[in-house]
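The values are calculated or read from the model by the stated rules, or taken from the named source; none is laboratory data. Just so you know, these numbers come straight off a predicted model, no measurement behind them. Here Cβ is always computed from backbone atoms with ideal geometry, including for glycine, and neighbour counts include all displayed protein chains.
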Amino acid sequence: MSHPANGLDDVVHQRVRLGILTIAHEARQVEFGFLRATLDLTAGNLSQHLTVLEKAGLVEIEKGYAGKRGRTWIRLTAAGKKALDEEISQLKRLIRRVEQPTPPEEAPRAL
Amino acid sequence: MTDRPVPSADTAQQVLSTTDQLTRRVRQAQRGTWFPLVLLGVVVVAAAPFYRLGRHTVTCDPVLGARGGVQIINGGVCVQVVGWPAGVYWILALVLAYAAIAAFYVFRARSRGVGSRVLPYVASGIAAGLVFGVASAWTQQLRLESYSPAGPVAVGLVPLVAISLALFVLARVERSWAVLAFAVGYLAVALLASGIGIRGQGVGKSLPATWGFLPSLLLAGGVLLLGGVGFALAERRRV
């Protein structure tokens, strides 16, 4: 059985991107400004992370207008939901693995 | 395989804790329970004239029920109850109210920048409103008398229960234990008001027989309005 850390996806596991996916999962759709304020990021930094997630097919980005004001909405894709679920379950497995005594042959080797 | 460091259990715990915090913040931003409660409270109280419209004092006649309308005897006075004015009111008012609730949540999503899954609540509210509205308006024609409360106050008040059923869906949508607790409390009040009435327990005895339903409506509507005010204050405190 592989170590749970091997199941963590680098695209999803990064803290900010995991935060974006978590918020987008909870809300049906979320606006750029809400993400920026909630995650306490600059617009440029958030844009970079969103680009990574969009290229990986984990979120969809839709630009529109509310009156004269431009607004950007982010939605989680089915692949994004699957990736988030997988990440959360791997993290839980990792915690369980440490909390429960493991047989000697399965114990992770010290690096 | 990458050369990234393996996260420790502590780090994993911190990450999960952060995702939980983010989830809670989103849920707080999504909540707007006060609006449906206040609106539905107003809808309940505003139903009073329509109940009055369907109640007339008549000469006691054992075959009156067969000619259309339930006959109830209250304090020695015979009242003929026709269900359709209140039933039609409930159908129209609940459909419009839930449409307004949907519009409120859409507006709120746009202003706060975070969407919510309110459609199941709106759909269940309209469905329950239609079913209970039709059942209360045309009880006799649908042969539902044996399933419907028939006390001196309770005739036609079952739509009050429809509101509580949708509140359970709202509790699920908003993932709120407080809304669930309120839904349980309101269901008890609605069953009391629509099932056995409160006039028989001494409340509203001074009212004319044709207004006997009023304490039930005021009780149910009052609970919704007070609940709405309570949730509004709680939501304002969190912002």
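Which is on the phi < 0 side of the Ramachandran plot, modelled with pLDDT of 90 or more and loosely packed, with under 15 Cβ neighbours inside 10 Å, of B:Ala99, B:Ala93? Step through it out loud before you land on a result.
Working: B:Ala93 fails: loosely packed, with under 15 Cβ neighbours inside 10 Å.
Residue meeting the stated conditions: B:Ala99.
Quick test for you: out of B:Val173, B:Val118, B:Val131, pick the one residue that is of a type outside the set (Phe, Trp, Tyr), surrounded by fewer than 19 Cβ atoms within 10 Å (Cβ to Cβ), in contact with a helix residue (DSSP H, G or I) (Cβ under 9 Å, 6 or more places away or on another chain) and modelled with pLDDT under 90.
B:Val131
Among the numbered criteria (1) within 21 Å of B:Asp20 (Cα to Cα); (2) of a type in the set (Lys, Arg); (3) at pLDDT below 90, which single criterion is violated by A:Lys82?
(3)
Please determine, by comparing only the residues of region B:78-131 that are among the polar types (S, T, N, Q) and within 14 Å of chain A (Cβ to nearest Cβ), which one is farthest from B:Gln30 (Cα to Cα). Steps first, please.
To start, the set of residues in region B:78-131 that are among the polar types (S, T, N, Q) comprises B:80, B:111, B:116, B:124.
Within this subset, residues satisfying the condition of being within 14 Å of chain A (Cβ to nearest Cβ) are B:111, B:116.
Working: B:Ser111: 11, B:Ser116: 6 Å.
Checking each candidate, the answer is B:Ser111.
Any residue in region A:2-11 that is more than 9 Å from chain B (Cβ to nearest Cβ) and more than 20 Å from B:Ala12 (Cβ to Cβ)?
No, region A:2-11 contains no residue that is more than 9 Å from chain B (Cβ to nearest Cβ) and more than 20 Å from B:Ala12 (Cβ to Cβ).
Are any of the residues in region A:61-73 in a loop (DSSP other than H, G, I, E, B) and either in contact with a Lys or Arg (Cβ under 6 Å, 6 or more places away or on another chain) or of a type in the set (D, E, K, R) (or both)? Break it down into steps so the answer makes sense when it comes.
Here is the first cut: in region A:61-73, the residues in a loop (DSSP other than H, G, I, E, B) are A:67-68.
Add one more test, that the residue is either in contact with a Lys or Arg (Cβ under 6 Å, 6 or more places away or on another chain) or of a type in the set (D, E, K, R) (or both), and what stays is A:68.
For region A:61-73, residues in a loop (DSSP other than H, G, I, E, B) and either in contact with a Lys or Arg (Cβ under 6 Å, 6 or more places away or on another chain) or of a type in the set (D, E, K, R) (or both): present.
Can you find, within region B:26-49, the residue that is nearest to A:Val30 (Cα to Cα) among those that are within 9 Å of chain A (Cβ to nearest Cβ) and in contact with a helix residue (DSSP H, G or I) (Cβ under 6 Å, 6 or more places away or on another chain)?
B:Val26
Within region B:7-25, restricting attention to residues that are surrounded by fewer than 17 Cβ atoms within 10 Å (Cβ to Cβ) and among the small types (Gly, Ala, Ser), which residue is nearest to A:His25 (Cα to Cα)?
B:Ser17
Could you check how many residues of region A:48-84 are of a type in the set (Ser, Thr, Tyr), exposed (fewer than 15 other Cβ atoms within 10 Å of the Cβ) and away from chain B (no Cβ under 13 Å)?
1
When you check B:Gln28 against the structure, is it modelled with pLDDT of 70 or more and more than 28 Å from the chain's Cα centre (by Cα), yes or no? Quick ask: steps written out before the conclusion?
Details: modelled with pLDDT of 70 or more: yes; more than 28 Å from the chain's Cα centre (by Cα): no.
Answer is no for this residue.
Considering region B:220-239 alone, what residues qualify as being modelled with pLDDT under 90 and either part of a helix (DSSP H, G or I) or in contact with a helix residue (DSSP H, G or I) (Cβ under 7 Å, 6 or more places away or on another chain) (or both)?
Correct list: B:Glu235, B:Arg236, B:Arg237, B:Arg238.
Take A:Lys92 and tell me if it is more than 16 Å from A:Gln14 (Cβ to Cβ) and more than 11 Å from every other protein chain (Cβ to nearest Cβ).
Spelling it out, it is not the case that A:Lys92 is more than 16 Å from A:Gln14 (Cβ to Cβ) and more than 11 Å from every other protein chain (Cβ to nearest Cβ).
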